[in-house]
Amino acid sequence: MKFYSHLPSIFRLRDDVTVNESEYIPVDISIIITVDGEEYQNYNQTMMVLEGWYVYDNGSLVDIDPTITEATVKTETTTIQYGSLSYTVSTEVKLNSSKGLSNILVNRATQFLANISISDYNGDWDALFEDYKDKLKNGIDNAAKDLFNLLYQNQTIFDFNGMDFEIVPVNVTVGTEIVTQYYLETTIENLDPDSWTQVSWALENIPNENWVLGSMYIHPIDNGDGTKAAGLTTELHDFYELMRVILGFSDWAGQIAYGRPISFYDYAEDIWISAGARFKYNDPEGFEYFGFSNGINFQIADDEAVLNTYVELDQLAYQVGDNVTITGYIENTGNIDATNVKLYLFHGAMDRTWQIVNPDLFYTEEIGTVAVGEKVTFEVEVEANTFLGIHPVYAVVEFISDEGQGPAEVVNPFTHEVGYFEGAAEAHEIVISNMAWALLLPKEAAMEPAFPQPILDIVTNVDIIIPENAPWELEVELVITNIGESETHITVIQYYNVSELELMFQVTTEGTTSNTTYLGMGLIKFEGITLAPDETVTITMHWMFLTSNGCFLPGAQVIYDSRFENELGENGGGGETSAVLLNMDGTTQEADTWEDYGESTSTGSSAGADIYTGGQDKTRRIGSLDLVYVSLSSILVVATIITIKKKFKI
């Protein structure tokens, strides 16, 4: 929006005029001052040179009258009385050009010289001469401005036309900050089966090959005799040159200074991301669904490999264990080859904040080069063995455009300042396809969890150590095994009474551990534990008794997470191990059994992460490991890049 609040404008040449860069029209000036008939000053010099000039469609030069090759722009005769003496002073200033004179230049020179009066100089004819030259320079400058205004029309470019859309501001939370993001939004009231509709928005007045673009600027020209003339140079430029000047020198343009107005740049990963439109819709029962169209990575002011990517599934519904066929294509509709092309296929879920939750990379392929106009097709078969419900699939295509190319040097034709158009350099890009989806159903009708979940088996072993002539010791061992079908992350918290027990050591086979006090109670914490299915962690805690009256050791709190909501309709899970009630005779008593709380903790990085499977029964929450409430471009691709890096070390 910063760019659209400072839309650039250009001065576009009139439609009935073009530029002949070969035209060369010198304009000479003569200044003659005589005193009592004797020549005091006779000055002749090339004062101005028109390098290149404008031509009407009928072939005539703009504002140049070939019938006027000489014009007197100042003449004056005055008698000066000096005491008993008197003398006559005459001046004459002329413009000359063998190809004809500019009417605007003649008028402006006449105007600026009109206010000079011989009688104001009291015999200082050198000062009069210098003032004539200065006023003529002012006349030339103003004539150049008048000619520019005659020939050029100020026109904004990249004008936004919402057409079917409107710009909607949305305040979202990114970390701890409130950020205003802007979306283009439209509503399609109804879409019948097997029907389609088209909605549009546009950027208008983007310079193209049909525009005639010229530049006019004034600069000094050495006459070769130590004098200078004013050069009024006109050059013809193509739209590439002009766009690079506009973008290369426009600090306010932000990311669009690279010529990619609908792509997003991830500075951390140094990659351009192109994602399509997100959409939501309701079925006849009122259930809400989400999706997105394919992205496109076009660029202005430079050539570009433009990749269009599409995926589709062979069915609308599958049962667990069925073969799934994903087909699609990658087509280069740009004007240079795309190199180092890689295809990644993901499945995941999209929640009601338009975020892809838990994107899972299940297929990758090295494509190589996709030439201009080439369409590469692919077909992938996999087994349906993931979570049930709405199952989105999409492709991410990674590639390089302008491989090996650096920034383009840009010369501002108006100031001749040198800059660089960064958008011409090699670009690492990602384009995201449309989202295809199907419904995954259980293989049998029996009630089962809707998707893989972690299930924890927790065994508590208690050992009383009775040494001779020394305090008794207590050792508690927790053996936690994930007997479920999904990975989980675990945090274990154990409280104890510091007036009854002194901690001697604590160890774990996974993760890290720490010991502190909280509200007068000892607190042991084990965290950073990740258990895949069938993996086990063993935790051991060892105390020495400080009292002969026995003690009560509460059960350890075991907090874990799940990728998906559990069958209770909640998030994640948690529970406690059994409390240990110790008598001095070494016997123990079971106080409480382990309980599934059916909810996730709200602390730390073990918070639960939800998915959305089509219904609108409740507001969902994203875990603290996810980036919440940001646009699809950043969320989807950040998750995608991280996943690709982890699996393929790119």
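The values are calculated or read from the model by the stated rules, or taken from the named source; none is laboratory data. None of these values were measured; they are calculated from a predicted model. Neighbour counts run over all protein chains shown; Cβ positions are idealised from the backbone, glycine included. Remember, those area values only see protein heavy atoms, side chains included, never the ligands or the DNA or RNA. Shrake-Rupley method; radii C 1.70, N 1.55, O 1.52, S 1.80 Å.
Tell me, what % of the accessible area of segment 49-201 is carbon and sulfur with a 1.4 angstrom probe?
Reported share for carbon and sulfur atoms: 46 percent.
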Too long for a 28 Å Cα-Cα cut-off, among Lys342/Lys443; Lys375/Lys443; Lys74/Lys228, are Lys342/Lys443; Lys375/Lys443
Gain in span if fully extended, Gln315 to Met504, counting 0.36 nm per residue against the direct Cα distance: 61.9 nm
When a/c is below 1.5 the answer is rounded, else prolate if a/b is larger than b/c, else oblate, so apply that to segment 179-233 with a ≥ b ≥ c taken from the square roots of the Cα gyration tensor eigenvalues. prolate
Distance in nm between label sites at Lys99 and Asp65, each 7 Å beyond Cα in the beta-carbon direction? 1.9 nm
Full extension between Thr325 and Val459 adds, at 0.36 nm per residue less the Cα distance, a length in nm of 43.9 nm
In segment 457-528, what GluC sites (Glu not before Pro) fall in a loop by DSSP, with at most 10 other Cβ atoms inside 10 Å? Glu468
When only the heavy atoms of the protein chains count and the probe is 1.4 Å, how do Glu51, Glu417 rank by accessible area, highest first? Glu417, Glu51
Would you mind putting 28-38, 514-524 in packing order, based on average other-beta-carbon counts within 10 Å, highest first? 28-38, 514-524
Sequence-distant aspartates and glutamates (8 or more away, or on other chains) whose Cα lies within less than 18 Å of Lys525: Glu475, Glu477, Glu502, Glu510, Asp561, Glu576
Hey, how many Å between the Cα centroid of segment 139-216 and the Cα centroid of segment 515-533? 56 Å
Excluding Ala436 itself, what net charge comes from residues whose Cβ is under 14 Å from its Cβ, given Lys and Arg +1 and Asp and Glu -1? -3
Excluding ligands, DNA and RNA, what is the solvent-accessible area per residue of segment 358-498 at a probe of 1.4 Å, expressed in Å²? 48 Å²
How high is the relative contact order of segment 1-120, given as a whole-number percent (alpha carbon pairs under 8 Å, six or more residues apart)? 26 percent
